[in-house]
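What follows is a short report on a single structure.
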Amino acid sequence: MPFGIRMIGASVAALAVVSAAVVQAHADVGVGPSALTLTVGDGESLDAATNQRTVLLVCSPTVLGAHPQPGPACDELAAGGGDFGQLRDAPMRFCEFLYKPVTVAADGVWNGAAVSYRRTFPNSCMEKNASKYVFAF
């Protein structure tokens, strides 16, 4: 058997062992996959939103995605137990009384459980008060 084929076979076997160990480690602590599609749109709903932006955020089994700061965003979500209503990492700022609604949404899974979240804020300042990293893109 050529050396290259043996190396590929050995690499595949090693990857299988490492993958099994990672899956077992997650099974031991009860953590499932966490992957979310996050959307921010200017408007009272996503259907009517203009300037809509969407990114992918993956927090488990590894941190990655199109989110500009996936690590801090995952940490912020983990601190709130995956509950978007508990996001409080941003410092509070005073906001003007301007009504220019911003809608945020999250769909996917958090620790293996389905997630679907929608919230409309009166303006972008109020939206930024609710989260420092998760919807900052």
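The values are calculated or read from the model by the stated rules, or taken from the named source; none is laboratory data. Here the structure is a predicted model, which means the values were calculated and not measured. Every residue, glycine among them, receives a Cβ derived from its backbone with ideal geometry; neighbour counts consider all protein chains shown. With ligands, DNA and RNA removed, areas are computed over all heavy atoms of the protein, side chains included. Shrake-Rupley method; radii C 1.70, N 1.55, O 1.52, S 1.80 Å.
A quick yes/no check of all residues on (1) open to solvent by less than 30 Å² (accessible area, probe 1.4 Å); (2) farther than 22 Å from A49 by Cβ:
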site: G71; (1), (2): yes, yes
site: G80; (1), (2): yes, yes
site: L87; (1), (2): yes, no
site: F97; (1), (2): no, no
site: K100; (1), (2): no, no
site: A113; (1), (2): no, yes
site: N123; (1), (2): yes, no
site: M126; (1), (2): no, no
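Close Cβ contacts (under 6 Å, 6 or more residues apart or on different chains) running from residues in the stretch 99-122 that are within 20 Å of A79 (Cβ to Cβ) and modelled with pLDDT of 95 or more to residues that are hydroxyl-bearing (S, T, Y) and surrounded by 14 or more Cβ atoms within 10 Å (Cβ to Cβ) comprise A106/Y117; G108/T37; W110/S34; N111/S34. Number of residues in the stretch 51-69 that are surrounded by 15 or more Cβ atoms within 10 Å (Cβ to Cβ) and small (G, A, S): the value is 2. On the stretch given as the stretch 125-137, residues that are out of contact with any helix residue (DSSP H, G or I) (no Cβ under 7 Å at 6 or more places or on another chain), in contact (Cβ under 8 Å) with a residue 60 or more places away in the chain and not aliphatic (A, V, I, L, M) total 2.
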